[in-house]
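The values are calculated or read from the model by the stated rules, or taken from the named source; none is laboratory data. No experiment lies behind these values; they were computed from the predicted model shown. Positions of Cβ are backbone-derived with ideal geometry, glycine not excepted, and every protein chain shown enters the neighbour counts.
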Amino acid sequence: MKIKEKLQLIKEGKISAEQNIKNFLDEIDKNDKKGKKINAILQLNNNALLEAKEVDSKIKNGKAGRLAGLAIAVKANINVKGFIINCASRTLENYKAGYDATVIKKIKQEDGIIIGITNMDEFACGSSGETSAFGPCKNPASLNRIPGGSSSGSAAAVAAGFCDLALGSDTGGSIRNPASHCGVVGVKPTYGSVSRYGLIDLSMSLEQIGCFSKEIDGAELLFEIIKGKDEKDATSVIFPEKKEYTFEKRKLKLGVPKIKADEKILELIKDKVKEISNKEKWKTEEIKLKYIDLGVQTYYPINYVEFFSSTRRYDGRKYGKKIEESCGDEVLRRILGGKEIAQAEYAGKYYRKALQAKRLIEKEFDSALKKFDCLILPTVPKLPHKLGEKISVEDMYNYDSLTVLANLSGVPALSLPVGKIQGIPIGMQIICGKFQEKRMFYIAKKFETLQNL
């Protein structure tokens with residue numbers, strides 16, 4: 001059932017918030033809790049049904065918010081008061097959040113119900129969902145395959161029907177990557193459009209909280225609620241609202257960058273672009289971006305250094321354990337790599353050069369997005385590997401080769417399911433200019449209609 005339909009039924013009293021939450025809890029108990037079939041949920045909200053009853057009372061009195069009765073799952077690096085927010089790491093396995101992140105406050109104000117905390121790659125270090133200290137998350141669409149990462153549990157929870165919507169964080173594709181593999185919608189907003197207060201981030205200059213849904217309307221609704229300036233986050237900005245959206249009144253122009261990816265995936269995306277162009281009479285043009293192949297090389301030096309800096313708080317004194325003594329291999333790799341790059345003799349060679357390359361990529365994308373209404377490309381360049389399959393670090397990092405570009409540019413991007421290859425969902429990435437989320441959702445909905453024809 002679509003989000004808009006469910007909200008209407010809840011509002012009319014045809015479905016109670018309590019029943020909605022109970023249905024999800026039953027599904028989790030059947031397919032996640034017992035035997036950890038999916039392993040998407042790390043902790044359930046034991047008060048979820050009581051909270052749902054309170055929302056039902058608000059609905060009867062006509063005082064319920066825009067998320068009234070919906071179940072929201074939250075990635076384990078976003079603080080929710082009273083919950084264990086461990087970033088899927090033994091380092092923080094006993095850390096109980098003492099406050100709500102700003103996005104959680106906004107969700108609660110609109111009567112959304114936090115149903116549980118989701119699994120993830122440890123400290124968001126990973127692209128497969130396999131580095132969690134509490135066991136890998138599985139892909140509901142293909143149980144022997146990875147779900148993608150690092151927001152693996154949130155994507156899997158939506159795909160498996162454990163919640164209505166979910167929150168994740170996206171540093172270089174951590175929302176869009178698992179959304180693609182699991183066959184759901186994943187949104188990374190413009191950098192600064194959503195407060196990061198309460199997020200235990202991986203890389204502060206790149207990371208953004210975003211959302212998951214089974215369809216565009218649900219993702220758009222959640223984004224509209226969580227966006228906006230927050231005095232507790234200096235990187236957040238006032239989201240510019242425009243009354244007139246001219247893109248709805250004209251034929252759009254889509255740019256399709258030349259990129260390297262699996263031929264079958266490229267063919268699927270090409271077919272969808274051709275189909276929408278014929279249906280809507282939109283113009284499409286294949287373009288070449290000079291710096292598009294520098295994404296991974298630019299992203300990881302920045303990621304390593306900023307992650308190393310942020311982990312200095314985990315010294316085992318104030319809270320948690322000393323991270324170097326309790327973390328997994330991928331986290332340790334990034335800590336040691338970041339420490340090495342941050343040394344005086346290497347900082348200028350690697351980190352500052354990466355920042356220079358970042359500015360080149362950002363400038364190139366800004367220029368391209370002035371010529372085109374959006375850029376269209378695959379979300380992930382290859383099919384997800386099988387759980388437990390050994391692949392090289394280079395191959396693992398290359399999962400993010402097409403998603404890091406939006407983070408480096410600070411622009412909004414989403415992944416939309418557009419088909420399957422060998423029974424595995426494939427996501428198409430839609431990238432728009434800064435603060436053009438309205439346009440992005442509009443274009444995505446047009447593509448979404450193709451799936452329903």
*asked:* Just checking, does the stretch 193-206 include any residue being touching a helix residue (DSSP H, G or I) at 6+ places or on another chain (Cβ under 8 Å), of a type outside the set (Asp, Glu) and within 25 Å of ILE265 (Cβ to Cβ)?
replied: yes
*Quick one: count up the residues across the stretch 366-398 that are assigned to a helix (DSSP H, G or I) and either at pLDDT below 95 or under 21 Å from SER180 (Cα atoms) (or both).*
6
_Where the second residue is basic (Lys, Arg) and assigned to a loop (DSSP other than H, G, I, E, B) and the first is on the phi < 0 side of the Ramachandran plot and touching a residue at least 12 places away in the same chain (Cβ under 8 Å) and lies in the stretch 380-392, which pairs have Cβ atoms under 9 Å and are six or more apart or on separate chains?_
PRO381/LYS260; LEU387/LYS138
*Close pairs (6 angstrom Cβ cut-off, 6 or more residues apart or separate chains): part of a loop (DSSP other than H, G, I, E, B) in the stretch 45-67, among the small types (Gly, Ala, Ser) and surrounded by 12 or more Cβ atoms within 10 Å (Cβ to Cβ) anywhere*: ASN45/GLY116; LEU67/GLY112
*Exactly one condition in (1) in the same structural domain as GLU364 (by TED's automatic domain parsing); (2) among the small types (Gly, Ala, Ser); (3) at pLDDT below 95 is not met by SER277; state its number.*
(3)
*asked:* Any residue in the stretch 186-211 that is not assigned by TED's automatic domain parsing to the domain that holds SER89 sitting within a Cβ distance under 7 Å of a residue that is surrounded by fewer than 24 Cβ atoms within 10 Å (Cβ to Cβ) and of a type in the set (D, E, K, R)? List the pairs, counting only those 6 or more apart or interchain.
replied: none
*Quick one: TYR314 ticks every box in (1) surrounded by fewer than 20 Cβ atoms within 10 Å (Cβ to Cβ); (2) touching a residue at least 24 places away in the same chain (Cβ under 8 Å); (3) aromatic (Phe, Trp, Tyr); (4) farther than 30 Å from GLY419 by Cβ bar one, so which box is it?*
(1)
*Could you run through the stretch 298-355 and say how many residues are farther than 28 Å from GLY135 by Cα and not in a helix (DSSP H, G or I)?*
4
*Restricting the stretch 152-200 to residues that are of a type in the set (Ser, Thr, Tyr) and in a helix (DSSP H, G or I), which is surrounded by the fewest Cβ atoms within 10 Å (Cβ to Cβ)?*
SER180
*For residues that are over 24 Å from ALA155 (Cβ atoms) and surrounded by 12 or more Cβ atoms within 10 Å (Cβ to Cβ), tally how many sit in the stretch 206-231.*
3
*Answer yes if at least one residue in the stretch 265-277 is touching a helix residue (DSSP H, G or I) at 6+ places or on another chain (Cβ under 8 Å) and either of a type in the set (A, V, I, L, M) or without any contact (Cβ under 8 Å) to a residue 40 or more places away in the chain (or both), and no otherwise.*
yes
*Tally, over the stretch 323-365, of residues that are hydrophobic (A, V, I, L, M, F, W, C), under 26 Å from ASN94 (Cα atoms) and either surrounded by 14 or more Cβ atoms within 10 Å (Cβ to Cβ) or at pLDDT below 95 (or both)*: 5
